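To start, the structure under review is shown below, and the notes come after it.
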Amino acid sequence: MTTIISGKDLASSRKAKLRLEIEESLVKYGRRPKLAVILVGNDAGSLSYVRGKAKAADEVGILVDTYHYEDDLTEDFLVNKIKALNADPEVDGILVQLPLPRQIRSDVIIELISPFKDVDGFHPRNVASLYLKHEGILPCTPKGVIALLDSANIEIDGKRAVVVGRSNIVGMPMSKMLLDRNATVTICHSHTKDLASVTSNADILIAALGKPRFIKAEMVKEGAAVIDVGCNRDSNNKLCGDVDFDNVAPKCSYITKVPGGVGPMTICCLMENTYIAYLNHMEGKN
Ligand code: NDP
């Protein structure tokens, strides 16, 4: 029997808990956490992500200041804006919605955000903290995937985990987090030969390659737990994951759906990261 792990339900219960914690902290510290969100341009996907994040923040009681700029914004302007937000004692988290227009270098901007306010966990210092097992802010999507696996009591220790994708924001940190939980991890990418022979050995398969319904039933081991990170539009403009859900699901012990799987957990973890940044800030840890 296949269990569908609902990211929507898990995010909803974690956000309810977070809301209570934030209300308690408001009494203790006299202010709510605040997240600054920067959006440059009018990409439909980015606008929708930013709206989703603002809605989640509202649900949990985090204040959001959104700065929406036209796509001809200069890098200098954004640099000065980030410096001002870094220095603002009322701002706990800074999120720059990616991608940025060509004239603005994402790496320059990400490195400029204070690592203490980097709620996406993309700053090199937070990346290093993950790899060195130091305290830091973890990237939201892989953190959400681990929470999904834990919510279903899926054993990670000693299991064979395969991650398809090696991006800095998903595949690489995902692999490290699974390794830290004692899985035996294989990372696949576009140069992997005979991908199916690797994925079909996975007890835990994480699909994060960005190709609509790419992972087919014959690529999945009977009884595997499959987490679909993909967020794609198919040829009919329908939202879908990287996994051919209808054909893969019957083979799995556990699987997530798109939408309603990893997406809501990414946003939930962003809220949790903002709260962690706020607590560290209020408790004088940075
Ligand atoms: P990237 O495009 O940055 O990385 C894709 C990775 O997949 C690369 O490492 C690439 O290999 C690999 N890949 C591409 N094609 C193949 C293939 N045919 N076989 C094996 N590996 C392949 O994407 P992201 O990591 O940013 O995102 C991946 C997916 O996750 C996207 O659909 C994205 O929209 C989604 N996403 C969803 C989030 C959520 O909250 N639900 C959050 C973030 C992303 P190589 O390195 O060799 O090029």
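The values are calculated or read from the model by the stated rules, or taken from the named source; none is laboratory data. Remember, it's a predicted structure, so these values are computed and weren't measured experimentally. Methodologically, a virtual Cβ is constructed for each residue, glycine included, from the backbone with ideal geometry; neighbour enumeration extends over all protein chains shown. SASA here: full protein model, heavy atoms, side chains in, ligands and nucleic acids out. Shrake-Rupley method; radii C 1.70, N 1.55, O 1.52, S 1.80 Å.
Calculate the spin-label point distance for residue 168 paired with residue 67, positioning each point 7 Å from the Cα along the beta-carbon direction, and give it in nanometres.
2.1 nm
Residues with beta-carbon under 12 Å from that of residue 12, excluding residue 12: net charge, scoring Lys, Arg +1 and Asp, Glu -1?
+3
Among 12, 80, 94, whose Cα lies farthest out toward the positive end of the dipole of segment 1-127, if unit charges sit on the beta carbon of Lys, Arg (+1) and Asp, Glu (-1)?
Looking along the dipole axis, the top candidate is 12.
Restricting to DSSP H runs of at least four residues, report the calculated mean residue ellipticity at 222 nm for the chain, -39500 (n - 2.57) per run over all residues, nearest 500 deg cm²/dmol.
Counting only the DSSP helices, I get -13000 deg cm²/dmol.
Taking 8 Å as the Cα distance limit and 6 or more residues as the minimum spacing, I'd like the relative contact order of segment 56-213 as a percentage.
15 percent
Quick one: pull the percent of accessible area on the chain belonging to carbon and sulfur, 1.4 Å probe, ligands and nucleic acids left out.
Values: 7130 of 13800 Å².
Its accessible area is 52 percent carbon and sulfur atoms.
Can you list, bin by bin at 5 Å, the percent of alpha carbon pairs in segment 1-139, starting at 0?
The distribution over segment 1-139 is 2, 9, 16, 19, 20, 16, 10, 5, 2, 1, 0, 0, given as percents.
For the chain, report the accessible area per residue in Å² (1.4 Å probe, heavy atoms, rounded to an integer).
That works out to 48 Å² for each residue.
How much of the DSSP bridge set in the chain is antiparallel, in percent, rounded to the nearest 5?
5 percent
Set the bar at 28 Å for Cα to Cα. Now go through 15/216; 211/251; 133/285; 8/238; 53/143 and name every pair that lies beyond it. Don't jump to the answer; show the numbers that get you there.
On the way: 15/216 33 Å; 211/251 20 Å; 133/285 18 Å; 8/238 19 Å; 53/143 16 Å.
Beyond 28 Å between Cα atoms: 15/216.
On a 0 to 90 degree scale, rounded to 10, what angle separates helix 7-29 from the longest Cα axis of the chain?
20 degrees
Over the chain, consider all pairs of different Cα atoms and compute the Kirkwood hydrodynamic radius from their mean reciprocal separation; express it in Å, one decimal.
Numbers: mean 1/r = 0.0511 Å⁻¹.
So the Kirkwood estimate lands at 19.6 Å.
Between the helical axis of 44-60 and the dominant principal axis of the chain, each derived from Cα atoms, what acute angle in degrees is found, rounded to the nearest 10?
So the helix axis and the longest Cα principal axis differ by about 70 degrees.
Over segment 126-195, calculate the relative contact order: mean separation of alpha carbon pairs under 8 Å at least 6 apart, over the residue count, as a percent.
30 percent
Given R₀ = 51 Å, what would the calculated FRET efficiency be for residue 155 paired with residue 105, taking r from the Cβ atoms and rounding to 0.05?
In this case the efficiency is close to 0.75.
May I ask for the Kirkwood hydrodynamic radius of segment 196-286, worked out over all distinct Cα pairs and given in angstroms to one decimal?
For segment 196-286, the Kirkwood estimate is 14.4 Å.
Count charges around residue 106 for me, please; just the other residues with Cβ under 12 Å from its Cβ, Lys/Arg as +1, Asp/Glu as -1.
On the way: positive: 102, 105; negative: 75, 107, 111, 120.
Local net charge: -2.
Relative contact order (percent) for the chain, with alpha-carbon contacts under 8 angstrom and 6 or more residues of separation?
Answer for the chain is 21 percent.
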